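Asker: The structure is given below, and queries will be raised subsequently.
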Amino acid sequence: MDADRIKEKLNILADAAKYDVSCASSGSNRKNSNKGLGDASNGICHSYTEDGRCVSLLKILLTNHCIFDCAYCVSRKSNDIKRAAFSVQEVVDLTINFYRRNYIEGLFLSSGIFKNADYTMERLVLVAKKLRTEQNFNGYIHLKTIPGASDDLMRLAGLYADRLSVNLEMPTEAGLKLLAPDKSRQDMINPMRFLKNELIQYAEEKKLFKSTPLFAPAGQSTQVIIGATRENDVQILHTADHFYKNYNLKRVYYSGYVPVLADKRLPDLNTAVPMVRENRLYQADWLLRFYGFNVNEIVDQQNPMLDLDIDPKLSWAIRNLHAFPVDINTAPLQMILRVPGIGRLSAQKIVGARKFARLNWEQLKIIGVATNRARYFITCNSNDFERRDLTGTRIKQFILAGSHSKYLRNKPGQLSIF
Amino acid sequence: MTRLIYDGTFEGLLTAIFEIYAHKLTRVSLQRGENNTSAMFENVIIVKTDEVRAGRVLKGLQKKLSPSGIGRLYIAHLAEIAGDENTLAGFIKYAFDSPVNIEKNFGNKYVQRVSEIVGMMRREKHRMEAFVRFQRLKDDIYYAGIEPDFNVLPLLNRHFKNRYADQKWMIFDSKRKYGLYYDLHDTQFVTIDFSEAHNPANVVSSFNAGEDLYQRLWQNYYHSANIPARKNTPLHLRHIPKRYWKHLTEKF
Ligand code: SF4
């Protein structure tokens with residue numbers, strides 16, 4: 001192997017792939033039962049870039065040659081950059097050697113479109129096939145499927161990969177038309193529907209026959225780019241919700257647009273990456289998936305954008321003060337989950353611990369409740385509770401003033417969820 | 001106040017609990033290691049680890065705790081935090097005294113503290129699963145040095161054995177001077193002093209031929225994956241605290 005050439009390729013093709021935000025390597029259940037290499041049972045972030053994003057997969061493009069011309073993409077045809085392409089074997093060698101050293105959980109392979117969709121997709125599938133069948137590799141493989149690829153290739157991809165994703169790119173069709181004129185929403189949705197049906201079918205067969213092979217055990221995900229076009233958060237969250245419900249997606253990733261190209265259809269090159277907004281969208285998405293909220297509770301036509309200065313759960317609570325205070329010792333889990341300052345784990349601990357004794361502030365603190373936030377919304381086994389009839393605005397001021405949020409003191413960045 | 005000094009093993013701890021009940025001691029304090037107390041008027045018992053006695057305590061615990069509860073006790077014990085021997089003893093006594101299972105009573109200070117310690121152990125274990133960096137040596141062993149805050153090596157066995165079933169590997173805790181070695185069939189703990197021969201600085205001569213290339217490729221990849229426009233140093237440091245850097249290939 002020519003060390004310098006492979007280094008150059010890796011630089012080019014990792015650089016071009018880094019804007020794809022999907023990094024998760026969890027949700028699969030591939031076991032090392034063949035004395036082979038690796039497993040894909042728990043997602044581990046092996047490192048973090050200087051911007052604080054998790055590195056868990058070798059995330060590269062097979063090539064950055066592309067026949068398309070999407071405005072937001074560095075690899076687009078009309079962009080004057082160095083081009084490179086890996087051979088199938090090179091990707092296999094890199095993956096195996098990185099994995100053996102415990103650098104990564106597996107491979108995330110995407111690609112520019114070489115010639116046409118199928119030609120490109122076939123190569124992606126070949127990489128996955130070689131890893132599984134020749135290298136006995138059980139680590140994680142995520143393939144980005146090429147819109148427009150044929151069903152047969154999608155099916156093969158599902159047999160070798162843990163997760164497949166088709167990127168929606170823009171939250172709405174209009175946005176897509178504007179920035180990616182070569183792409184069509186239909187070409188993206190068809191493979192999603194195909195995968196959804198295959199996943200259901202494999203799950204059914206699995207119930208009947210133990211020997212049914214794994215088919216994309218970590219399901220499918222998608223990515224939408226935020227802030228390149230003018231969609232508001234109502235539109236974005238409804239899109240996400242629609243895809244969660246109708247296509248059984250495991251995750252929707254929100255990627256704050258990083259200006260890389262000058263184009264009059266796009267935000268100016270000096271525009272800041274909308275990191276806070278991106279983070280609020282992840283928090284809202286979390287509320288949809290794990291906290292029993294629906295989109296209309298989080299944003300609506302009166303409040304079409306998420307608050308940037310407070311998280312969406314606090315924002316909902318402040319707009320719905322009539323639902324509070326909640327009595328920690330009697331309220332159902334669903335309601336406790338809605339209290340600002342109480343996360344999923346704490347909520348479950350509360351419900352477990354209150355069977356032993358009625359809980360007071362001390363115990364809530366021990367359990368991990370952020371009482372400085374929660375105190376405006378709960379009562380517990382204590383006479384000491386918030387008696388003032390505070391307005392939402394006042395509560396917000398108090399919380400922000402006493403906030404221990406590292407986030408508000410430091411520069412805005414990605415913060416942990418709740 | 002009676003002070004019980006035991007050898008630091010889990011069996012030793014359980015034997016100490018046996019002694020407490022056998023002698024009906026009420027005010028006790030546990031301590032690991034040698035008898036180096038200078039408190040002259042204290043009543044000191046040197047606990048001699050005894051598998052039969054430990055076994056009896058364990059059996060009793062099995063009636064009071066779930067298997068995962070006992071596992072958690074063991075994990076908390078591995079943390080070796082000075083002073084927390086007494087938390088474990090308090091937890092065990094509380095479990096014995098209560099007619100119902102107490103594992104979920106997080107309002108109790110012992111239950112809560114054990115849960116906290118287990119949380120710290122989990123975090124450290126998880127970090128090690130993430131931050132171990134193997135280097136392939138000439139004899140085809142994949143070698144990694146670690147220096148975790150807590151003694152988590154025994155907890156790493158299963159993860160790495162499952163994951164790297166087809167390569168020989170060794171993870172060496174240079175702080176505690178022992179390692180875990182997998183020979184393609186089984187793992188065993190080894191206590192040879194590898195710290196000299198295999199510290200990252202002078203290990204290069206024993207590298208496999210391709211090792212240097214892959215280390216450089218990984219460093220390259222790591223830098224290419226960064227997006228300077230999103231730079232966030234505090235967040236970065238929160239995820240990978242500096243004390244781990246010397247074992248991370250991408251940070252060499
Ligand atoms: S098809 Fe993909 S690689 Fe090609 S320009 Fe569009 S986004 Fe970029």
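Asker: Which of the residues that make up the range A:156-185 are surrounded by fewer than 23 Cβ atoms within 10 Å (Cβ to Cβ) and under 13 Å from A:LEU124 (Cα atoms)?
Answerer: Hits for the range A:156-185 are A:LEU156, A:LEU159.
Asker: Related question: So B:GLY119 clears everything in (1) touching a helix residue (DSSP H, G or I) at 6+ places or on another chain (Cβ under 8 Å); (2) farther than 26 Å from B:HIS185 by Cβ; (3) within 12 Å of another protein chain (Cβ to nearest Cβ) except one condition, right? Which one?
Answerer: Unmet for B:GLY119, out of (1) touching a helix residue (DSSP H, G or I) at 6+ places or on another chain (Cβ under 8 Å); (2) farther than 26 Å from B:HIS185 by Cβ; (3) within 12 Å of another protein chain (Cβ to nearest Cβ): (1).
Asker: If I ask for residues that are within 26 Å of A:GLU278 (Cα to Cα), more than 23 Å from the chain's Cα centre (by Cα) and surrounded by fewer than 18 Cβ atoms within 10 Å (Cβ to Cβ), which ones from the range A:308-333 would you list?
Answerer: To start, the set of residues in the range A:308-333 that are within 26 Å of A:GLU278 (Cα to Cα) comprises A:308-320.
Narrowing further to those that are more than 23 Å from the chain's Cα centre (by Cα): A:317-320.
Selection gives A:ARG319, A:ASN320.
Asker: Could you tell me which numbered condition B:GLY107 fails, if it satisfies all but one of (1) touching a helix residue (DSSP H, G or I) at 6+ places or on another chain (Cβ under 6 Å); (2) buried (at least 20 other Cβ atoms within 10 Å of the Cβ); (3) under 22 Å from B:PHE18 (Cα atoms)?
Answerer: Against the list (1) touching a helix residue (DSSP H, G or I) at 6+ places or on another chain (Cβ under 6 Å); (2) buried (at least 20 other Cβ atoms within 10 Å of the Cβ); (3) under 22 Å from B:PHE18 (Cα atoms), B:GLY107 comes up short only on (3).
Asker: I would also like to ask the following. What pairs come out if I take residues in the range B:15-30 that are free of Cβ contacts under 8 Å to residues at least 60 places away in the same chain and pair them with residues that are among the charged types (D, E, K, R) and part of a helix (DSSP H, G or I) whose C-beta lies under 7 Å away, six or more apart or interchain?
Answerer: Qualifying pairs under 7 Å: B:THR15/B:ARG53; B:PHE18/B:ARG53; B:PHE18/B:ARG56; B:LEU30/B:GLU85.
Asker: Among (1) within 16 Å of the ligand (Cβ to nearest atom); (2) surrounded by fewer than 24 Cβ atoms within 10 Å (Cβ to Cβ), there is one condition A:ILE146 misses while meeting the rest; what is its number?
Answerer: Unmet condition: (2).
Asker: Among the residues of the range A:204-216, is any at positive phi and either of a type in the set (A, V, I, L, M, F, W, C) or touching an Asp or Glu at 6+ places or on another chain (Cβ under 8 Å) (or both)? Working first, answer last.
Answerer: Of the residues in the range A:204-216, the ones at positive phi are A:216.
Narrowing further to those that are either of a type in the set (A, V, I, L, M, F, W, C) or touching an Asp or Glu at 6+ places or on another chain (Cβ under 8 Å) (or both): A:216.
Within the range A:204-216, one or more residues are at positive phi and either of a type in the set (A, V, I, L, M, F, W, C) or touching an Asp or Glu at 6+ places or on another chain (Cβ under 8 Å) (or both).
Asker: Looking at (1) at the interface with chain B (Cβ under 9 Å from one of its Cβ atoms); (2) touching a helix residue (DSSP H, G or I) at 6+ places or on another chain (Cβ under 6 Å); (3) within 16 Å of the ligand (Cβ to nearest atom), which is the only condition A:TYR103 fails?
Answerer: (3)
Asker: Still on this structure, please answer the following. What are the residue pairs meeting all of these: first residue in the range A:347-363, first residue more than 7 Å from chain B (Cβ to nearest Cβ) and part of a loop (DSSP other than H, G, I, E, B), second residue crowded, with 22+ Cβ neighbours inside 10 Å and not β-branched (Val, Ile, Thr), Cβ atoms under 7 Å, and 6 or more apart or on different chains?
Answerer: If the second residue must be crowded, with 22+ Cβ neighbours inside 10 Å and not β-branched (Val, Ile, Thr), the pairs left are A:ASN360/A:CYS380.
Asker: Residues of the range A:57-100 being within 11 Å of the ligand (Cβ to nearest atom), assigned to a loop (DSSP other than H, G, I, E, B) and among the polar types (S, T, N, Q), which ones?
Answerer: Initial filter on the range A:57-100 (within 11 Å of the ligand (Cβ to nearest atom)): A:61-79.
Among the residues that remain, those that are also assigned to a loop (DSSP other than H, G, I, E, B) are: A:62, A:64-79.
If the condition is that a residue be within 11 Å of the ligand (Cβ to nearest atom), assigned to a loop (DSSP other than H, G, I, E, B) and among the polar types (S, T, N, Q), then A:ASN64, A:SER75, A:SER78, A:ASN79 are the ones that fit.
Asker: From A:ALA71, A:ALA84, A:ALA3, grab the single residue that is more than 13 Å from every other protein chain (Cβ to nearest Cβ) and in contact with a helix residue (DSSP H, G or I) (Cβ under 8 Å, 6 or more places away or on another chain).
Answerer: On the way: A:ALA84 fails: more than 13 Å from every other protein chain (Cβ to nearest Cβ); A:ALA3 fails: more than 13 Å from every other protein chain (Cβ to nearest Cβ).
After ruling out the rest, the residue left standing is A:ALA71.
Asker: Here's another thing I want to ask about it. Within the range A:336-346, can you find the residues that are assigned to a loop (DSSP other than H, G, I, E, B) and either in contact with a strand residue (DSSP E or B) (Cβ under 6 Å, 6 or more places away or on another chain) or aliphatic (A, V, I, L, M) (or both)? Can you show your working first?
Answerer: Step one: list which residues in the range A:336-346 are assigned to a loop (DSSP other than H, G, I, E, B), which gives A:337-343.
Listed by number, the residues that qualify are A:LEU337, A:VAL339, A:ILE342.
Asker: Additional query: What number of residues within the range B:234-248 satisfy the criterion of being at the interface with chain A (Cβ under 7 Å from one of its Cβ atoms) and either of a type in the set (S, T, N, Q) or without any contact (Cβ under 8 Å) to a residue 24 or more places away in the chain (or both)?
Answerer: Summing the residues that are at the interface with chain A (Cβ under 7 Å from one of its Cβ atoms) and either of a type in the set (S, T, N, Q) or without any contact (Cβ under 8 Å) to a residue 24 or more places away in the chain (or both) in the range B:234-248 gives 4.
Asker: When A:LEU10 is evaluated against the numbered criteria (1) facing another protein chain (nearest Cβ under 7 Å); (2) part of a loop (DSSP other than H, G, I, E, B), which criterion, by number, is the only one it fails?
Answerer: (2)
Asker: Also, quick follow-up: Examine the range A:116-126 for a residue that is in a loop (DSSP other than H, G, I, E, B), more than 9 Å from every other protein chain (Cβ to nearest Cβ) and within 23 Å of the chain's Cα centre (by Cα), and state whether such a residue exists. Spell out the reasoning first.
Answerer: First, pick out the residues of the range A:116-126 that are in a loop (DSSP other than H, G, I, E, B): A:116.
Remaining after also requiring more than 9 Å from every other protein chain (Cβ to nearest Cβ): A:116.
Now drop any that are not within 23 Å of the chain's Cα centre (by Cα), which leaves none.
No - not one qualifying residue is present in the range A:116-126.
Asker: Being in contact with a Gly (Cβ under 7 Å, 6 or more places away or on another chain) and more than 20 Å from B:LYS161 (Cα to Cα) is the filter; apply it to the range A:38-62 and report the residue that is nearest to the other protein chains (Cβ to nearest Cβ).
Answerer: Across the range A:38-62, the extreme among qualifying residues is A:GLY52.
Asker: A follow-up question, please. From A:ARG53, A:ARG30, which residue is outside the structural domain of A:ARG100 (by the TED database), of a type in the set (Lys, Arg) and more than 16 Å from the ligand (Cβ to nearest atom)?
Answerer: Values: A:ARG53 fails: outside the structural domain of A:ARG100 (by the TED database).
None of the other options fit; the residue is A:ARG30.
Asker: Mind listing whichever residues of the range B:119-136 are of a type in the set (A, V, I, L, M, F, W, C) and surrounded by fewer than 19 Cβ atoms within 10 Å (Cβ to Cβ)? Spell out how you get there, then give the answer.
Answerer: From the range B:119-136, those of a type in the set (A, V, I, L, M, F, W, C) are B:120-121, B:128, B:130-132, B:134; that's our starting set.
The answer is B:MET120, and nothing else.
Asker: Something else now. If A:VAL166 satisfies every condition in (1) under 24 Å from A:TRP286 (Cα atoms); (2) at pLDDT 90 or above; (3) within 16 Å of the ligand (Cβ to nearest atom) but one, which is the exception?
Answerer: Result: A:VAL166 fails condition (2) only.
Asker: Select from the range A:336-387 the residues that are over 28 Å from B:VAL100 (Cα atoms) and in contact with an Asp or Glu (Cβ under 7 Å, 6 or more places away or on another chain) and list them in ascending order.
Answerer: Of the residues in the range A:336-387, the ones over 28 Å from B:VAL100 (Cα atoms) are A:338-341, A:370-378, A:383-387.
Those that are over 28 Å from B:VAL100 (Cα atoms) and in contact with an Asp or Glu (Cβ under 7 Å, 6 or more places away or on another chain): A:ARG375, A:TYR376.
Asker: When you look at A:TYR140, is it hydroxyl-bearing (Ser, Thr, Tyr) and away from the ligand (no atom under 15 Å from the Cβ), yes or no?
Answerer: yes
The values are calculated or read from the model by the stated rules, or taken from the named source; none is laboratory data. Since the model is a prediction, treat every value here as computed from it, not as a measurement. Here Cβ is always computed from backbone atoms with ideal geometry, including for glycine, and neighbour counts include all displayed protein chains.
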